[in-house]
Amino acid sequence: MEEENPKILIVDDSEDDAFLLSAQIKRIESGCEFLRVDNAIDMRAALAQQEWDLVISDHAMPGFDSVEALRVLREKNGETPFVIYSGNLQQELGISAMHNGARDFVYKNNPEHMLPVIKRELEHAKLRRDKTLAENFISKIANYDELTGLPNRNMFCEHLDRRFNRTDTPCLSGALLYIDLDRFMRINDSFGYPTGDGLTRQ
């Protein structure tokens, strides 16, 4: 599977500051994809559109700030890292933001400190993606037939268990349709297993 480029959402009302920040990030991660927003509505739309590896937010913007941006992010996703990159942020507010879920805060007049923070968070994001892919793969091979991609007996039994253990449906009714192929082994023996596999998929 081809590795995806890191996706970074920048929350900043200054196009120039966002451009300079993205240019700095490209020095350590050339394939990054960026999007800039500067208000809650656009941020919610961006978060609904796709998953982001990192959100970097200015603190003070017209009608919006990093505190609100962090709240908007947590409404959508509890794991996406959030870093404040501000020109004027009191240290107490930065520490408070970290207590509330921000990963770090960096001052815009100290850009050399920003790159190690971003590199660290992007490495963590890659680990999270790899973990999710591994979990999805394990779930797939455990619950889906390798040949057809259809749910397998394991998933069927789990669904039955959940149905029978539901307290809101004390009386269950339903039907089970069982399909069999007579003399299927003759196809495998006569035309080979690839032909039998093709017939099974159909």
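The values are calculated or read from the model by the stated rules, or taken from the named source; none is laboratory data. These numbers were taken from a predicted model, which means no experiment stands behind them. Reconstructed Cβ throughout: ideal geometry from the backbone, glycine too, with neighbour counts over all protein chains shown.
Which of the residues that make up the stretch 1-22 are among the acidic types (D, E) and not in a loop (DSSP other than H, G, I, E, B)?
Scanning the stretch 1-22 gives E15, D16, D17.
If you go through the stretch 81-116 and pick out every residue that is in a loop (DSSP other than H, G, I, E, B), buried (at least 20 other Cβ atoms within 10 Å of the Cβ) and not small (G, A, S), you end up with 2. Taking I25, is it part of a strand (DSSP E or B) and either of a type in the set (K, R) or surrounded by 15 or more Cβ atoms within 10 Å (Cβ to Cβ) (or both)? No.
Residues in the stretch 36-60 that are closer than 22 Å to H113 by Cα, in a strand (DSSP E or B) and not charged (D, E, K, R) were compared, and the one that is farthest from the chain's Cα centre (by Cα) is A60.
Does the stretch 149-159 contain any residue that is at positive phi and exposed (fewer than 11 other Cβ atoms within 10 Å of the Cβ)? Yes, the stretch 149-159 contains a residue that is at positive phi and exposed (fewer than 11 other Cβ atoms within 10 Å of the Cβ). Residue pairs whose Cβ atoms lie under 9 Å apart, separated by 6 or more positions or on different chains, with the first residue in the stretch 173-199 and in the same structural domain as R163 (by TED's automatic domain parsing) and more than 19 Å from G149 (Cβ to Cβ) and the second at pLDDT below 85 and of a type in the set (A, V, I, L, M, F, W, C), are I187/L181.
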